[in-house]
Amino acid sequence: LLAACSSEKTKERSDAAAIAEPVEWRLTSTYPSTLIQLGTLGKRLETEVSKISAGTINLTFYEPGVLAPPFETFDAVSYGAVEAGWSTPGYWAGKDAALQLFSSVPFGPSAPEYLAWFDYGGGKELFEEVYHKHNIHSIICGMTPPEASGWFKQEINSVEDLKGLKIRFFGLGAKVMEKVGAAPQLIAGGEIYQALELGTIDATEYAMPAVDYRMGFYEVAKHYYFPGWHQQSTFFELMINLDAWNALTDTQKVQVEAACSSNVRYGISEGEALQADAMVALEAKGVQIHTWSPEVLAELRTAWNEVARDLVAKDPEFARVWTSLQAFRGKYKAWADRGYLKE
Amino acid sequence: MELIVDLLPFLMFLVLTPLLFTGYPVAFVLGGVGLAFWLLAVGTGIENPNSFFLVVSRIFGGVVSKLVLVAIPMFIFMGTMLERSGVAKELLYTLQLMTRRIPGGLALSVTVLGVILAATTGIIGASVVMMTLLALPVMLERGYDKALATGTIAASGTLGILLPPSIMLVVMADLLSTSAGGLFLAAIGPSLFLALLYMLYIFTRTALNPGLAPPLAEVAKADDLSVGRVLRSFVPPVLLIVAVLGSIFGGIATPTEASGVGAIGAVILAALNGKLNFRTLQDVVERSALTTTMLFGLFVGATAFSYVFALLGGHHLILELMSATGISPWAVLAMLMLAVFILGFFFDWIEITLIILPVFAPIITQLDFGSHLPDPAMTTTWFAILMAVNLQTSFLTPPFGFALFYMKGAAPEGVKLADIYRGIVPFVILQLIGLLVLLTWPELALWLPQTMAQ
Amino acid sequence: MMRTLLSFSQQIERLSSIMGRIGAWAIIALMLVIITDVALRRWFVIGSTKLQELEWHLHGALFLLCLGWAYGRNAHVRIELVSERLSDRTRAWIELLGCLLFLTPYVAAILIFGADYVSYSFAYNEASASPTGLSNRWIIKAFIPIGFALLGITAVSRCINAIAFLFGDEEAARMSSFSRTHAHEGES
Ligand code: NA
Ligand code: NA
């Protein structure tokens, strides 16, 4: 929409947009601005939104904890203490279990399929319905490639090896781990490295290779597993207080959405490029990179299906979103199986 | 008007400082001043009337639901129990007997105790309070100079945030996108060096002026020191230290959980000493709870104050003041170090790292110090450790040295904040010497991680 | 009149003190939970997210319940550099003004916003962000307003004591626990 404008037209537009009252919003983040992708994608919005809106929407990025502690971002935006927040919907599982399905799903879709469901499979409508209940308007505003499955001190050859494994795991994947007999742990972020080093835990899931590399986990655990079955692609979001959102002009709304669409695209392209570099760097450090055997993945998938069934039975909202996603994926499979090359 | 709005954050400190000296509890003054300035901002229409909500959020998200803070009540309980059951006193007395020919022997022992404790926790509040409970009453009873005793304990107690495990290094690693393990290794040299500096100072000072640390009366020593006594007073606490450190390094417990191991260990020692009954337990529980609440109360008050400071644009204001940087890497480094030191008078480490690091992290990695560093790739590590030493100092610098407040809250009646302020000055100077040595001789930090990498 | 007020203040302060002294025992519970958690992981290899969350629930409940009691016992840090040279009357004035201008408004603000904070959590049946964690998050959140209410109660009692000391007759002044607050026998 805006990219096509010539410089004169840009001037016209900004004159037109100037009618809108310029808004100054605080954007509180759940990740530090320096954290690869998870944080940088949010920080980037500061300049992007301001440029796209010709200065009529100005976000000021706040590091996690400066205003709101990371896990308080949801309440902060919902209550209107700040206008906007940068996070991932999966963080808000405790507020509404269904939101986990808008972040990433174990054995879930990769980026194109996930986006297809969200935009054309009814995902967006459900997403907004859930959030509006909490006085938040949230926009999918970033996306990252698959995560790694995690760092293990010992080689894992079968699901049997996972039994009794003390693993730091967060989110839906932790439920799956529990199901197959591992002991998921909640270790404070800052203590993961040392806990792994000293054997207090045997393994940890963390993030994408580019982030994991910087965290230095390769110094204390040599076995790095792929693919990250628990997180094939991840959505990030720009949460906006619903009243603040409703006060925007239609043009401003479109501008925010455009900035987010561009951010999603940017996240995918940057993310894919970064991981490739990180893999080379990790191999140079002597990390043993493994791929899960089809048997292990099949058993984990079975465990996940059970977990999902439990969650569906427990939470009607979760069930609604899950049904929508599954229906879309069932239909999509006919296309995916035929449309793409299998190497 | 515009100017006043811009300067509101600084005005907060201008108002806070004299109010603190009224003697009303620090925690409540911090909260009250924070609220007053927020109300002022809402009244003049520059602030949103919903934003104070986040103070509740911060109390929950930043204080209540922080797993690592579990170490605070546990270590305080452990310290109180050891003190109450006589284990600590017995140990320190024997230590003093053994070191009676060395000037300042007891203070030197306390420094060593500080280093050991530092290896078990990264929470300053926990280690300073525990050291204060264990050692300060004994040192004062033995006629140690109040300033020397409090300075020694406060400084050794803050080593905990520098020596791994350290929550501060982890947060810095996160913000600088570097490995926490690398920073852990790099922090070991400087922490031990600082401990050495403290000991050197204590030794020299007490050698020159024995009145500061009176040696044990000649009568007491000779027959008191026996093998049996040494065993009796050493074995229980050493076992306890082994249990705590062993549970961490044996991979049984995280440092946070190790505090619980220590707490139950102290209960067992008290029971073995025949000092454990319901009354004692109740007394220890209640006194620990009060000390814990004193500490958390400070967190709860300070969170309101620093939130409103950030809300009114304080962080941006500081960064603006700092924007006049030189081009040379040394000028940038000097400016940052000076800024951190000065900010340290007023803020705690988390505030300072959140103001400075996200903005300067990209600049720091670009700085080129040529052959001054053994490996240019270690610029970030070196900088982080420099900053960490500087931040450790911020706990000690008046007026808002939180270690000093914690100590005051746990110290016996009769120890004034003035004594503590006086006691800390030489140690702050030692910190600056340590910082200078680290600046001129980066190998102090970088040697270990470099060697380990090979 | 003054005497009625004073006895009222003693009553309410007793409440805050009892709650604090009960809350203090969370220390023992915390210790036991940590040991259980460590043992379960080490020797029985059982995932213990719930226990690990319970740990911070306990330290939270502990200090929140004790906030008011600690004020009554004068355990909160004061900077007495200047104030120790002031007269009892001046210090009573400081206590009264500090209470009215700083503490009470702060407590009120936390209570007002805290009520919203907890009722939201209750209305949406908020649980841990971790699917393997504890549910009913509103319970621990409710300790924030409860703790501050207890602090507020103690604040009211301190105000009454300071007023009795400053404006009451000699006996009321003696009855007020105010002077005791400052000449404390080292119990913190
Ligand atoms: Na430490
Ligand atoms: Na300071």
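The values are calculated or read from the model by the stated rules, or taken from the named source; none is laboratory data. Keep in mind the model is a prediction, meaning the values are calculated, not measured. A quick note on method: Cβ atoms are made from the backbone with ideal geometry, for glycine too, and the neighbour counts reach across all protein chains shown.
Of all positions in the stretch B:404-414, at least one carries a residue that is buried (at least 24 other Cβ atoms within 10 Å of the Cβ), within 30 Å of B:PHE296 (Cβ to Cβ) and within 16 Å of ligand 1 (Cβ to nearest atom). Per the listing A:ALA97, A:ALA84, the residue uniquely modelled with pLDDT of 95 or more and in contact with a Phe, Trp or Tyr (Cβ under 7 Å, 6 or more places away or on another chain) is A:ALA84.
The conditions are (1) more than 29 Å from C:GLY60 (Cβ to Cβ); (2) surrounded by fewer than 20 Cβ atoms within 10 Å (Cβ to Cβ), and B:LEU91 fails exactly one of them. Which is it? In the conditions (1) more than 29 Å from C:GLY60 (Cβ to Cβ); (2) surrounded by fewer than 20 Cβ atoms within 10 Å (Cβ to Cβ), B:LEU91 misses (2) alone. Of the residues in the stretch B:391-405, not one is modelled with pLDDT under 90 and more than 14 Å from ligand 2 (Cβ to nearest atom). Of the helices (runs of 4 or more DSSP H) contained entirely in the stretch B:357-454, those carrying at least 1 residues that are more than 17 Å from the chain's Cα centre (by Cα) fall at B:379-394, B:417-440, B:443-453. On the given criteria, is C:ARG3 within 14 Å of the chain's Cα centre (by Cα) and charged (D, E, K, R)? In short, no. Scanning the stretch B:96-133 for residues that are part of a helix (DSSP H, G or I) and more than 16 Å from ligand 2 (Cβ to nearest atom) yields a count of 24. Reported count of residues in the stretch A:71-105, each being more than 12 Å from C:ALA129 (Cα to Cα) and within 12 Å of chain B (Cβ to nearest Cβ), is 11.
Conditions (1) within 30 Å of B:GLY260 (Cβ to Cβ); (2) among the small types (Gly, Ala, Ser), marked per residue:
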site: C:ALA61; (1), (2): yes, yes
site: C:GLY68; (1), (2): yes, yes
site: C:ARG78; (1), (2): no, no
site: C:SER83; (1), (2): no, yes
site: C:SER87; (1), (2): no, yes
site: C:GLU95; (1), (2): no, no
site: C:GLY98; (1), (2): no, yes
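Restricting attention to the stretch B:349-362, does a residue exist that is within 16 Å of ligand 2 (Cβ to nearest atom) and surrounded by fewer than 20 Cβ atoms within 10 Å (Cβ to Cβ)? Yes: one or more hits. Against the criterion of being more than 12 Å from every other protein chain (Cβ to nearest Cβ), more than 16 Å from ligand 2 (Cβ to nearest atom) and surrounded by 17 or more Cβ atoms within 10 Å (Cβ to Cβ), B:ILE385 qualifies. Scanning the stretch A:132-159 for residues that are under 17 Å from A:VAL256 (Cα atoms) and not polar (S, T, N, Q) yields A:ILE136, A:HIS137, A:ILE139, A:ILE140, A:CYS141, A:GLY142, A:MET143.
B:ILE241 falls short of the stated requirement of being within 14 Å of chain C (Cβ to nearest Cβ), surrounded by 15 or more Cβ atoms within 10 Å (Cβ to Cβ) and either assigned to a helix (DSSP H, G or I) or more than 16 Å from ligand 2 (Cβ to nearest atom) (or both).
Screening C:ASN74 with (1) touching a Phe, Trp or Tyr at 6+ places or on another chain (Cβ under 6 Å); (2) at positive phi gives one miss only, at (1). For the stretch C:58-78, taking the residues that are among the aliphatic types (A, V, I, L, M), touching a Gly at 6+ places or on another chain (Cβ under 6 Å) and under 26 Å from B:PRO399 (Cα atoms), the one that is farthest from the other protein chains (Cβ to nearest Cβ) is identified as C:LEU67. Within the stretch B:317-332, is even one residue over 18 Å from B:MET387 (Cα atoms), assigned to a helix (DSSP H, G or I), touching a residue at least 12 places away in the same chain (Cβ under 8 Å) and more than 16 Å from ligand 1 (Cβ to nearest atom)? Yes, that holds for at least one residue. Just checking, which of B:LEU162, B:LEU192 is within 16 Å of ligand 2 (Cβ to nearest atom) and away from chain A (no Cβ under 14 Å)? Step by step, each of B:LEU162, B:LEU192 is checked, and only B:LEU162 is within 16 Å of ligand 2 (Cβ to nearest atom) and away from chain A (no Cβ under 14 Å). Checked against (1) at pLDDT 90 or above; (2) crowded, with 18+ Cβ neighbours inside 10 Å; (3) within 14 Å of chain C (Cβ to nearest Cβ), B:LEU312 passes all but condition (3). Just to be sure, is B:SER57 of a type in the set (Ser, Thr, Tyr), more than 16 Å from ligand 2 (Cβ to nearest atom) and over 30 Å from C:ILE144 (Cα atoms)? Against the criterion (of a type in the set (Ser, Thr, Tyr), more than 16 Å from ligand 2 (Cβ to nearest atom) and over 30 Å from C:ILE144 (Cα atoms)), B:SER57 does not qualify. For the condition of a type outside the set (A, V, I, L, M) and either crowded, with 24+ Cβ neighbours inside 10 Å or part of a strand (DSSP E or B) (or both), A:GLU48 does not qualify.
In the stretch B:1-95, counting only helices (runs of 4 or more DSSP H) that sit wholly within it, the ones holding 2 or more residues that are more than 8 Å from every other protein chain (Cβ to nearest Cβ) and either within 30 Å of C:LEU86 (Cα to Cα) or hydroxyl-bearing (Ser, Thr, Tyr) (or both) span B:2-20, B:26-43. One residue stands out in the stretch B:415-441 among those that are of a type in the set (A, V, I, L, M) and farther than 19 Å from B:PHE341 by Cβ: the one that is farthest from ligand 1 (Cβ to nearest atom), namely B:ALA418.
Within the stretch B:394-413, residues that are on the phi < 0 side of the Ramachandran plot reach partners that are among the hydroxyl-bearing types (Ser, Thr, Tyr) and within 14 Å of ligand 2 (Cβ to nearest atom) with beta carbons closer than 6 Å, at six or more positions or on different chains, in the pairs B:PHE395/B:THR158; B:PRO398/B:TYR421; B:ALA403/B:THR158.
Taking the criterion of being at pLDDT below 70 and in a helix (DSSP H, G or I), the residues of the stretch B:194-228 that qualify are B:GLU218, B:VAL219, B:ALA220, B:LYS221, B:ALA222, B:ASP223, B:ASP224.
Screening A:VAL280 with (1) out of contact with any strand residue (DSSP E or B) (no Cβ under 8 Å at 6 or more places or on another chain); (2) surrounded by 19 or more Cβ atoms within 10 Å (Cβ to Cβ) gives one miss only, at (2). With respect to being crowded, with 22+ Cβ neighbours inside 10 Å, among the aliphatic types (A, V, I, L, M) and within 16 Å of ligand 1 (Cβ to nearest atom), B:ALA266 falls outside the description.
Per-residue answers, yes or no, for (1) surrounded by fewer than 23 Cβ atoms within 10 Å (Cβ to Cβ); (2) within 17 Å of the chain's Cα centre (by Cα):
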| position | (1), (2) |
| --- | --- |
| C:LEU62 | no, yes |
| C:TYR71 | no, yes |
| C:SER83 | yes, no |
| C:TRP93 | yes, no |
| C:THR104 | yes, yes |
| C:ALA109 | yes, yes |
| C:ALA127 | yes, no |
| C:PHE148 | no, yes |
| C:LEU166 | yes, no |
